[in-house]
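Structure record follows, encoded as structure tokens.
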Amino acid sequence: MKTIAILGSTGSIGTQTLEVVRTNGDIRVAALSAGKNIALLERQIREFHPRLAAVASEEDAKALRTATADLEVEILFGEEGREAVATCEEAEILVTAIVGMIGILPTMKAIEAGKDIALANKETLVTAGHLIMPLAKQHGVRILPVDSEHSAIFQALNGENGRKIDKILLTASGGPFRGRTFQELERVQVEDALRHPNWSMGRKITIDSASMVNKGLEVMEAKWLFGTELDQIQVLIQPQSVIHSMVQFVDGAVIAQLGTPDMKLPIQYALYYPERRFLPGARLDFEALGSITFENPDPETFLGLAYALEAAREGGSVPTVFNAANERAVSKFLKKEIGFTDIYRIIRACMDAHRKITHPDIRQILETEQSVYDYIESRW
């Protein structure tokens, strides 16, 4: 029986991870963390019986302790709580389903404690890949991708020599605004951006998909996960979300992973790797599908992808600036404080104002994040 811990158990990836646990019945949950959704976390504690749980604030920790007084569970909060969940002694695998750069430090602590990482937190590699990957190698830890695209690449490489990669073909649905002009994007509302045509995801990642920032972040992740150069990663629009990504090898062969748009597949694959398990749900019906189509992305309209690639090429602390600026801008957009295309304007302004740190350590990464937040709050 495997034992896992989950950072971000009440979010989209966290709840789907627990669905996988519930369906299979042979995974033990040792520790859970959440932000503010203590009602759902309490239900999860009662169902899965972790010995440890953590929330963001001390006030919510006190409320959760009262609510679970009849259970044998330790309730912690804040950074200390997240790190306790990440390093929980019984857990073999940490699922990093938490959103934001808040996931970096506990992920590093988990690696140092010898935990394999089922990685769904993009920010970990986008901003600190140069620290994370050597640390994982040092401690003999596996980084198992949970993103559907990176899982697809990981599966395509199974049994292959990763050094023989010629190109990674990273697919994207195009989001709800595929085919729109920049002028049309100026007028879209929050509700429009949250209406993804294929995937059911959390609010932040759904906005990132609409802006194509998400695909830029995935390019940065893929570079670190698979040890490729940026020029070896090509983004393709695949509107049906059937091909989740492909790998082209030096001999010209292309291996693709296909499936229905269901995040439980990459989650389960990461938890049981290298074993494949039965997964309930819909199967691809190729006769009904009829065709699979491809398009080139439009980086002149969807500036999130263009700016992400620029940040990736600059390297150093610039990806942190890109990520932090987007994170705060998306938060403002979801609160209807700014328009959709203002997300791009904020990212551009922050990147232009930043003085690059070539090899940032974790302290400098977190200081850069805070300086970006301060810059945005002083101007928007």
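When peptides 65-73, 305-313, 137-145, 283-291 are sorted by average Cβ neighbour count within 10 Å, with the highest value leading, the order is 305-313, 137-145, 65-73, 283-291. Evaluated at q = 0.20 Å⁻¹, a Debye calculation over the C-alpha positions of region 1-132 (equal weights, vacuum) places log10 I(q)/I(0) at -1.10.
For a protection proxy built on the mean count of beta-carbon atoms within 10 angstrom, sort 15-24, 226-235, 264-273 highest first, please. Kindly include the intermediate steps, with their values, before the conclusion.
On the way: 15-24: 18.8, 226-235: 15.3, 264-273: 22.6.
By packing density, highest mean first, the sequence is 264-273, 15-24, 226-235.
Rounded, prolate or oblate: which fits the chain, taking a ≥ b ≥ c as square roots of the Cα gyration tensor eigenvalues, rounded meaning a/c under 1.5, else prolate when a/b beats b/c? Rounded, since a/c falls under 1.5. Please work out, to two decimal places, the log10 of the ratio I(q)/I(0) at q = 0.14, 0.23 Å⁻¹ from a Debye calculation in which every Cα of region 269-342 carries one identical scatterer. Result of the Debye calculation: -0.84, -0.97.
Determine how many Å³ per residue the convex hull of the Cα atoms of region 47-115 encloses. It would help to have the intermediate numbers written out before the result.
Working: hull volume 6.1 nm³, N = 69.
Measuring per residue, one finds 89 Å³ for the Cα hull of region 47-115.
Max-minus-min Cα coordinates of region 193-245 on each principal axis give 33, 22, 15 Å, with the largest extent listed first.
Normalised by the number of residues in region 44-201, the mean separation of alpha-carbon contacts (under 8 Å, six or more apart) gives a relative contact order of 13 percent. Annotation: amide H-H contacts under 5 Å for GLY174 (H modelled 1.01 Å from N, sequence separation of 5 or more, or interchain): GLN238.
Per-residue ellipticity at 222 nm computed for the chain from its helices equals -14500 deg cm²/dmol, with DSSP H segments shorter than 4 residues left out and the rest contributing -39,500 (n - 2.57). Just so you know, the Cα atoms of region 139-240 work out to an Rg and Dmax of 15.4, 50 Å.
The ratio of the alpha-carbon radius of gyration of region 92-166 to the globular-protein estimate 2.2 N^0.38 Å is 1.09.
Where a number appears in this text, it was derived from the coordinates with a stated rule and is not lab data. Only a predicted model underlies this, so the values are computations on that prediction, with no experimental measurement involved. In this analysis, Cβ positions are derived from the backbone assuming ideal geometry, glycine residues included, and neighbour counts consider all displayed protein chains.
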